[in-house]
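**Student:** I have a structure I would like to understand better, so I am pasting it below and will then ask my questions one at a time.
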Amino acid sequence: MQKKFLVLVFICCFGFNNLFANESYSKEDIEKMIAKMVILGFNGENISQKDEIYQNIKAGLGGVILFDKDPNDKKKVKNVRNKEQLKILTSELQSISKQKLLIGIDQEGGIVQRLKSSDGFVNTPKASEVALKGESFAKQTYKNLAIDLKESGINLDFAPVVDLAINKENKVIVTRGRSFGESSKEVIKYSSIFIDELKKEHIISVLKHFPGHGSSLGDSHLGFVDITNTWNQKELEPYKYLINNGKANMIMTAHVFNEKLDKEYPATLSYNINTNLLRYKLGFDGVLVSDDLQMYAISKHYDLKQTLTLAINSGVNMLLFANQLAKPITLKEIVDTVYTQILSEQISLETIITANKRIDSLLNKL
């Protein structure tokens, strides 16, 4: 007989905090809720019923992230060969899912473009170049990008970068031209244009990387990054403005450590940063997605159980596993691990329910 969970659910949504409900959840219900919190990368230009990603979507997977090339063999295509192929792939993916599937991609412009002009997509300049050319140029640039994504079946763009270009030697954001500038005013202006153009095509934007990666000295793809002595409070200004002006539906965490904000954990795993600062102080009520949890800043220091437990308990609603490494993480591993942690009361079911409510609210915007 399937185990039932009887929970007293405190519903705190859209400002109403005085409503209670008794609900019963089966093991299958809970596993589907966990699956909805996951965004996975996978290999393949097309989908068949034999593919693991097909089964994952059937099991309730929340989203996928697409890449052009396989990082382990740059000569091989991972997901994107050209525009026509991508349209078919995204249509196939969407048709498998009973709910709206988030189909995401990193399409910032410049060095971070998974959709290349050589494959039939529009070319988007890097953020630093867009900011130099003015607002009219930015509007046309991001309009073209948004239309391209819409036509390709993409409904989630992991952009714009709202990091401030504080550290001129920063190799992951600043020297690559991924920031609109050093001043929050410039970053707010151009990121707002980017967000607005995506919204016109019903594409969800993702602000990144909270609480700020532009002052860092290191690259969290490669290992531990400490911003304690370089981070500045002004790095929160774009988030404050965009949250207060209804332009922040989704925010991505950064795998950076700041002892002044949390003495123990990097931002992705920090309750103090993701809940106390982002939710309570800045007032964000949208979906918080992790940066790739396989990046070495996390995976070299925490095992899967620790990572999932800390991330979810910190306030992360969606867990990103880009699966760019040789050994992919499976949805079953993630779901089984989280479910076991719920049984042992290391993760509360209420946290999973809250995350799902936020995700459902986001999906309603598509």
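Since every read-out is calculated from the coordinates, none of them should be taken as a lab result. Being a predicted model, the structure only gives us computed values, none of them experimental. Please note: Cβ atoms are built from the backbone with ideal geometry, for glycine as well, and neighbour counts cover all protein chains shown.
**Student:** Could you tell me the calculated FRET efficiency between K281 and D119, based on Cβ-Cβ distance and R0 = 45 angstrom, to the nearest 0.05? Present the calculation step by step, with values, prior to reporting the outcome.
**Tutor:** Details: r = 43 Å, r/R0 = 0.95.
So the FRET efficiency works out to roughly 0.60.
**Student:** How high is the FRET efficiency from S183 to E345, r the C-beta distance, R0 35 Å, rounded to 0.05?
**Tutor:** Step by step, r from the Cβ atoms, then E = 0.15.
**Student:** Also: Let me see the P(r) profile for the chain: every Cα-Cα distance counted, bins of 10 Å, each bin given as a percent of all pairs.
**Tutor:** With a bin width of 10 Å, the distribution comes to 5, 25, 35, 26, 8, 1, 0.
**Student:** Rank the residues Y239, Y25, Y296 as a footprinting-exposure proxy: fewest other Cβ atoms within 10 Å of their Cβ go first. Intermediate results must be reported in sequence, preceding the final value.
**Tutor:** Details: Y239 23, Y25 20, Y296 16.
Fewest to most other Cβ atoms nearby, the residues stand as Y296, Y25, Y239.
**Student:** Region 266-344 to region 60-136: how many Å between their Cα centroids?
**Tutor:** With region 266-344 and region 60-136 each reduced to a Cα centre, they are spaced 23 Å.
**Student:** Note down the magnitude of the dipole of the chain about its Cα centre, charges +1 on Lys and Arg C-beta and -1 on Asp and Glu C-beta and zero elsewhere, to the nearest 20 debye. Walk me through the numbers before you get to the answer.
**Tutor:** On the way: 47 positive and 43 negative charges, 98 e Å.
Here the chain has a charge dipole of around 460 debye.
**Student:** I've got another one for you. Taking the Cα of E259, stepping 7 Å toward and past its beta carbon, and measuring to each backbone N in region 309-323: which are under 13 Å?
**Tutor:** none
**Student:** Take the chain, connect every pair of alpha-carbon atoms lying under 10 Å apart with a spring to form a Gaussian network, then pick out the residue of F67, F284, F137 with the largest mean-square fluctuation.
**Tutor:** Residue with maximal mean-square fluctuation among F67, F284, F137: F137.
**Student:** Here's another thing I want to ask about it. Past the 27 Å Cα-Cα mark, which pairs from K133/K247; K208/K281; K58/K139; K27/K69; K74/K185; K83/K357?
**Tutor:** On the way: K133/K247 23 Å; K208/K281 18 Å; K58/K139 38 Å; K27/K69 37 Å; K74/K185 38 Å; K83/K357 33 Å.
Listed pairs above 27 Å: K58/K139; K27/K69; K74/K185; K83/K357.
**Student:** Stretch H301-K58 to full length: gain in nm at 0.36 nm per residue minus the Cα-Cα span?
**Tutor:** Contour length minus Cα-Cα distance gives 84.3 nm.
**Student:** When the helix-only estimate is applied to the chain (DSSP H runs of n ≥ 4, each -39,500 (n - 2.57), divided by the residue count), what is the mean residue ellipticity at 222 nm, nearest 500 deg cm²/dmol? Let's see the in-between values first.
**Tutor:** Working: 11 runs with 124 residues, N = 366.
That calculation yields -10500 deg cm²/dmol at 222 nm.
**Student:** Normalized C-alpha radius of gyration of region 242-296, against 2.2 N^0.38 Å?
**Tutor:** On the way: Rg = 11.5 Å, N = 55, 2.2 N^0.38 = 10.1 Å.
Ratio of Rg to 2.2 N^0.38 Å for region 242-296: 1.14.
**Student:** As a footprinting exposure proxy, order S205, S118 by other Cβ within 10 Å, with the fewest listed first.
**Tutor:** Values: S205 25, S118 8.
Final ranking by Cβ density, sparse to dense: S118, S205.
**Student:** Also: Pairs K143/K300; K76/K150; K32/K171; K100/K143; K116/K171: which exceed 28 Å Cα-Cα? Mind showing how you got there, number by number?
**Tutor:** On the way: K143/K300 39 Å; K76/K150 25 Å; K32/K171 39 Å; K100/K143 23 Å; K116/K171 22 Å.
Violating the 28 Å Cα-Cα cut-off are K143/K300; K32/K171.
**Student:** Once you list every other residue whose beta carbon is under 10 Å from the beta carbon of K332, what net charge do they have if Lys and Arg are +1 and Asp and Glu are -1?
**Tutor:** Values: positive: none; negative: E31, E52, E333, D336.
For residues surrounding K332, the net value is -4.
**Student:** OK, next. Would you kindly give the portion of the calculated P(r) for region 117-239 that falls above 27 Å, as a percent of all Cα pairs? Intermediate results must be reported in sequence, preceding the final value.
**Tutor:** Working: 1397 of 7503 pairs.
Value for region 117-239 (Cα pairs over 27 Å): 19 percent.
**Student:** Taking springs between alpha-carbon atoms closer than 10 angstrom, which of Q85, Q94, Q294 fluctuates most in the Gaussian network model of the chain?
**Tutor:** Maximum fluctuation in the GNM of the chain, among the listed residues, is at Q85.
**Student:** Quick check for you: which residues of region 103-123 have the amide N under 17 Å from the point 7 Å beyond the Cα of F137 toward its beta carbon?
**Tutor:** From region 103-123, the list is 109-111, 123.
**Student:** Under the 0.36 nm per residue contour assumption, what length would be gained going from the current alpha-carbon distance of N46 and E151 to full extension?
**Tutor:** On the way: separation 105, 0.36 × 105 = 37.80 nm, distance 1.74 nm.
Residue separation times 0.36 nm, minus the Cα-Cα distance, leaves 36.1 nm.
**Student:** For each of E197, E186, E333, count neighbouring Cβ atoms within 10 Å of the residue's Cβ, then give the residues from fewest to most.
**Tutor:** Details: E197 21, E186 18, E333 14.
If I rank by nearby Cβ atoms, fewest first, I get E333, E186, E197.
**Student:** Relative contact order for the chain: what is it in percent, counting Cα pairs under 8 Å that are at least 6 residues apart? Provide the component values of the computation, followed by the final result.
**Tutor:** Details: 726 pairs, mean separation 55.2, N = 366.
That works out to 15 percent.
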